[in-house]
1. Please determine whether any residue of the range 63-85 is more than 15 Å from residue 180 (Cβ to Cβ), assigned to a loop (DSSP other than H, G, I, E, B) and of a type in the set (Ser, Thr, Tyr).
2. In this structure, does residue 96 turn out to be farther than 16 Å from residue 178 by Cβ, crowded, with 18+ Cβ neighbours inside 10 Å and assigned by TED's automatic domain parsing to the domain that holds residue 160?
3. Quick one: which residue in 118, 104 is without any contact (Cβ under 8 Å) to a residue 60 or more places away in the chain, within 23 Å of residue 160 (Cβ to Cβ) and basic (Lys, Arg)?
4. Search the range 119-138 for residues being of a type outside the set (A, V, I, L, M) and at pLDDT 90 or above, and hand back the single one that is nearest to the chain's Cα centre (by Cα).
5. Hey, could you check the range 142-154 for residues that are over 15 Å from residue 129 (Cα atoms) and at pLDDT 85 or above and say which is surrounded by the fewest Cβ atoms within 10 Å (Cβ to Cβ)?
6. Identify, from the list 55, 13, 32, the residue that is in the same structural domain as residue 178 (by TED's automatic domain parsing), at pLDDT 95 or above, within 20 Å of residue 147 (Cβ to Cβ) and not in a loop (DSSP other than H, G, I, E, B).
Amino acid sequence: MSPAIGLLPSGTAKWYSQRVTGKPYRNCMFAALCTPLSYMGYDVPESFIGDLRDASGVPKDQATSTADSYRALHKLIPDADIQVGLMTDEDLIARLTSGEIAARVMVHNLLLPPFLRRFDGQDWDGVHAIALSRALDHGDDFVTWLDPMGAPANHYRGKEVSYSSFRNALKRTNGLVQVTFGEHNAALPDESSTSIGQGSGATHVTPAAGSELVLSRAQIDEFVLVPKRTQFLHPRSLKPVTRSHDEAEFRVAAGRSTAGSTARGSRRAASVGLKVGPFFWSTGSASGRRSCDRLSRD
């Protein structure tokens with residue numbers, strides 16, 4: 001980790017201004033990246049925007065790409081569990097509004113409504129990076145829009161807007177939104193986790209029938225009670241594979257994210273660092289545990 005980066009008591013979706021590095025204003029990708037980093041729990045100073053630019057190796061008068069910012073970040077914080085990929089609009093909205101993640105997206109400026117183009121120029125024909133986080137005062141599809149060009153810097157704190165207001169402006173690949181995101185508190189140490197044999201430290205969030213199962217601080221080889229009809233997804237494609245038929249105890253075959261903090265049976269499975277077989281879950285075989293269809297098959 002960069003010597004200048006510490007950890008916060010709890011992650012927060014802070015706004016960062018690209019104006020701090022002066023003209024030309026070409027650091028929106030770096031400034032917008034700092035918001036999910038802060039949400040993960042990194043204590044990111046404004047000067048880190050310039051540090052990222054320097055680490056990228058891209059001249060200061062040139063725009064940068066997702067690859068440039070990802071490469072720069074891992075030079076400065078090698079173990080940062082930042083995620084880069086594609087999401088459906090529905091998944092992105094759900095994960096933002098639930099507070100699970102903060103994200104950086106890219107938008108085509110001329111496709112934005114006028115009120116969202118005020119800081120970047122009504123006639124500017126370019127692509128701009130924006131940070132998004134949970135809206136605190138609105139429900140439904142509202143999110144907090146954090147524009148790195150927002151002004152004045154000492155008062156701007158973002159704006160809660162409807163996702164539908166900028167949906168058509170989002171940069172996409174094959175219809176899916178290009179997104180860089182961080183999970184809340186992913187960078188913070190998990191002091192309450194325990195080893196197998198010393199008592200489980202897992203917190204079980206029981207889902208409704210037919211939904212996903214979320215485990216916090218799960219341990220590899222831990223047995224977890226899974227309600228019937230819980231959906232299992234493939235850890236890479238996230239496509240549905242099967243459902244549990246009856247309520248039974250399943251073994252967590254690989255339950256750590258690359259940050260070492262969380263395990264999840266579906267949505268977060270894409271970030272799992274350890275895998276046994278292609279599926280995130282496998283059934284248990286210990287005495288007294290019910291055996292269901294084997295999910296760790298090749």
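1. no
2. Spelling it out, it is not the case that residue 96 is farther than 16 Å from residue 178 by Cβ, crowded, with 18+ Cβ neighbours inside 10 Å and assigned by TED's automatic domain parsing to the domain that holds residue 160.
3. Numbers: 104 fails: without any contact (Cβ under 8 Å) to a residue 60 or more places away in the chain.
Testing whether each residue is without any contact (Cβ under 8 Å) to a residue 60 or more places away in the chain, within 23 Å of residue 160 (Cβ to Cβ) and basic (Lys, Arg) leaves just 118.
4. Residue satisfying both the conditions and the ranking: 133.
5. Top of the filtered list is 151.
6. Result of the check over 55, 13, 32: 32.
Here's the yes/no breakdown for (1) in contact (Cβ under 8 Å) with a residue 12 or more places away in the chain; (2) surrounded by fewer than 21 Cβ atoms within 10 Å (Cβ to Cβ); (3) in contact with a strand residue (DSSP E or B) (Cβ under 8 Å, 6 or more places away or on another chain):
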position	(1), (2), (3)
19	yes, yes, no
22	no, yes, no
25	yes, yes, no
53	yes, no, no
56	yes, no, no
66	yes, yes, yes
71	yes, yes, no
86	yes, yes, yes
110	yes, yes, no
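The values are calculated or read from the model by the stated rules, or taken from the named source; none is laboratory data. What you see is a predicted model; the values in this text were computed from it and never measured. Here Cβ is always computed from backbone atoms with ideal geometry, including for glycine, and neighbour counts include all displayed protein chains.
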